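Let me begin by presenting the structure, written as structure tokens, before commenting on it.
The values are calculated or read from the model by the stated rules, or taken from the named source; none is laboratory data. Given the structure is predicted, the values throughout are model-derived calculations rather than measurements. Cβ atoms come from the backbone with ideal geometry, glycine included; neighbour counts cover every protein chain shown. Please note that ligands, DNA and RNA were not included when accessible areas were found on the heavy atoms of the full protein model with its side chains. Shrake-Rupley method; radii C 1.70, N 1.55, O 1.52, S 1.80 Å.
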Amino acid sequence: MSITTDWMQDPALTTIPIQKLQFLQTMLFESQKYSGKEMLPFFMSLAMKAKKQSITYSEDEINTIIPVLKKFASEDEIAKMNQVIKMFKQRNK
């Protein structure tokens, strides 16, 4: 996914506060630097940062955002997203 804000303009996201979208944009930009084993510490750090900023996402917001991100992502990025989603689902069991 080119690091642009194009995805944030998708009509499906109009009900999601801009602060949440901007936080995700930052996450997407920063996550480009990491791979494999580096991702877990990165996401743990990101979760702490979100907590400090009182940023949370409802299940409905997540279910709205993910398909939009995938529309703007490459196949490799989609695979990475799917891996992260799987990791969080396993963690939350």
Seminar exercise, completed: Within the range 84-93, residues of a type outside the set (Lys, Arg), surrounded by fewer than 13 Cβ atoms within 10 Å (Cβ to Cβ) and over 12 Å from the mean Cα position of the chain (by Cα) come out as Gln90, Asn92
For this session: Determine whether Leu13 is at pLDDT 90 or above and open to solvent by less than 60 Å² (accessible area, probe 1.4 Å).
Result: yes
Exercise. Conditions: (1) exposed (fewer than 12 other Cβ atoms within 10 Å of the Cβ); (2) not in a helix (DSSP H, G or I). Ile55 meets all but one. Number of the miss?
Worked result: (1)
Exercise. Could you list, in sequence order, the residues of the range 12-33 that are of a type in the set (Lys, Arg) and farther than 13 Å from Thr64 by Cα?
Worked result: Lys33
Exercise. Would a scan of the range 75-82 turn up a residue that is surrounded by 13 or more Cβ atoms within 10 Å (Cβ to Cβ), charged (D, E, K, R) and in a helix (DSSP H, G or I)?
Worked result: yes
Seminar exercise, completed: Taking first residues from the range 17-44 that are surrounded by 11 or more Cβ atoms within 10 Å (Cβ to Cβ) and part of a helix (DSSP H, G or I) and second residues anywhere that are small (Gly, Ala, Ser) and modelled with pLDDT under 85, the pairs with Cβ under 7 Å that are 6 or more apart or on different chains are Phe42/Ser31
Problem set entry | The listed residue being more than 16 Å from Val84 (Cα to Cα), over 13 Å from the mean Cα position of the chain (by Cα) and among the β-branched types (Val, Ile, Thr), out of Thr64, Thr14, Thr56 | Thr14
For this session: Scan the range 1-10 for residues that are open to solvent by 40 Å² or more (accessible area, probe 1.4 Å) and among the hydrophobic types (A, V, I, L, M, F, W, C) and jot them down.
Result: Ile3
